[in-house]
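The values are calculated or read from the model by the stated rules, or taken from the named source; none is laboratory data. Since we're looking at a predicted model, the values are computed, not measured. Ideal geometry is used to build each Cβ from the backbone, glycine not excepted, and the neighbour counts take in all protein chains shown.
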Ligand SMILES: Nc1ncnc2c1ncn2[C@@H]1O[C@H](COP(=O)(O)OP(=O)(O)O)[C@@H](O)[C@H]1O
Ligand SMILES: [Mg+2]
């Protein structure tokens with residue numbers, strides 16, 4: 001099979017009948033793969049623009065999911081290939097994100113944002129127990145909502161067709177129901193501090209660093225404009241979202257930057 005993509009969790013191979021196979025790294029937890037299958041199915045059934053998950057596969061060594069294949073490119077690769085498009089694509093990213101948030105998880109098919117964030121904050125070894133307790137108490141004061149949230153919405157998880165008038169959102173492993181402001185805050189944190197895999201092409205790294213601030217400004221501005229949420233509502237979620245991200249196996253530079261952000265914001269709580 002021909003490899004057509006690679007992320008931090010999996011390799012993507014072309015598969016017969018206009019499908020792809022997402023093959024997870026060997027040590028990847030089964031439960032997380034099953035979650036991705038289940039959550040993708042749930043949001044697909046809601047009519048959201050996501051590739052259909054067709055089959056879950058588990059052999060002795062690796063787990064995989066067969067998905068409908070999307071003919072197109074990720075927003076990230078388009079931004080890097082054609083930097084003049086960055087502003088327009090960032091605004092389109094906001095429109096796409098907002099369209100997910102228009103739907104609610106009335107069936108309770110998805111895990112809740114507060115459960116996920118609380119679990120991750122409890123689990124991180126990069127904060128003291130006292131700081132974790134402060135952040136968790138603060139999180140409990142934030143709004144509780146049931147909108148569809150992606151949990152990892154960034155330009156490598158949105159694909160566009162060639163004419164750029166149709167989009168799909170991929171990679172739903174972290175899908176949850178919650179307050180869209182928290183989902184946008186998570187994208188803010190990723191765009192602000194996220195890095196590409198170390199083995200990515202140096203030109204791609206440079207392109208991403210140049211794009212970072214433009215992406216951040218245009219995406220956030222556009223989201224605020226179309227959703228009517230305020231910058232304060234969004235900002236309120238930065239602390240718990242950044243603290244929860246410390247539970248991911250982040251490269252050291254990212255972790256250091258986030259620890260500083262979290263500690264600055266905890267100081268403001270005290
Ligand atoms: N359904 C799909 N159709 C076509 N390409 C895909 C599809 N799903 C993923 N890809 C490609 O594979 C890459 C990694 O997929 P993704 O699901 O985001 O994996 P990861 O969890 O490792 O980030 C994407 O950025 C995209 O280029
Ligand atoms: Mg991805």
Task: Scope segment 96-116; condition surrounded by 15 or more Cβ atoms within 10 Å (Cβ to Cβ) and part of a helix (DSSP H, G or I); matching residues - done: 96, 97, 98, 99, 100, 101, 113, 114, 116
Task: Among the residues listed as 245, 265, 186, the single one being within 27 Å of residue 88 (Cβ to Cβ), modelled with pLDDT of 95 or more and touching a helix residue (DSSP H, G or I) at 6+ places or on another chain (Cβ under 9 Å) - done: 186
TODO: Hey, can you tell me all the residues within segment 209-219 that are within 21 Å of residue 151 (Cα to Cα) and buried (at least 19 other Cβ atoms within 10 Å of the Cβ)?
DONE: 215, 218, 219
TODO: Could you list, in sequence order, all residues of segment 139-149 that are out of contact with any strand residue (DSSP E or B) (no Cβ under 7 Å at 6 or more places or on another chain) and either under 17 Å from residue 98 (Cβ atoms) or touching a residue at least 12 places away in the same chain (Cβ under 8 Å) (or both)?
DONE: 139, 140, 142, 143, 144
TODO: Would you be able to say whether some residue in segment 46-55 is more than 14 Å from ligand 2 (Cβ to nearest atom), in a loop (DSSP other than H, G, I, E, B) and under 17 Å from the mean Cα position of the chain (by Cα)?
DONE: yes
TODO: For residue 76, state whether it is surrounded by fewer than 16 Cβ atoms within 10 Å (Cβ to Cβ) and either outside any loop (DSSP other than H, G, I, E, B) or away from ligand 2 (no atom under 16 Å from the Cβ) (or both).
DONE: no
TODO: Hey, can you tell me all the residues within segment 1-45 that are within 14 Å of ligand 2 (Cβ to nearest atom), at pLDDT below 95 and over 16 Å from residue 173 (Cα atoms)?
DONE: 4, 5
Task: The listed residue being crowded, with 16+ Cβ neighbours inside 10 Å and without any contact (Cβ under 8 Å) to a residue 40 or more places away in the chain, out of 247, 152, 165, 156 - done: 152
Task: Some residue of segment 191-205 being buried (at least 21 other Cβ atoms within 10 Å of the Cβ), at pLDDT 95 or above, within 30 Å of residue 129 (Cα to Cα) and in the same structural domain as residue 102 (by TED's automatic domain parsing) - done: yes
Task: Tabulated pairs, segment 44-58, first under 11 Å from residue 34 (Cα atoms), second modelled with pLDDT under 95, C-beta under 8 angstrom, 6+ apart or interchain - done: 58/30
- [ ] For segment 1-28, enumerate the residues that are within 25 Å of residue 100 (Cβ to Cβ) and in a loop (DSSP other than H, G, I, E, B).
- [x] 7, 8, 9, 18, 28
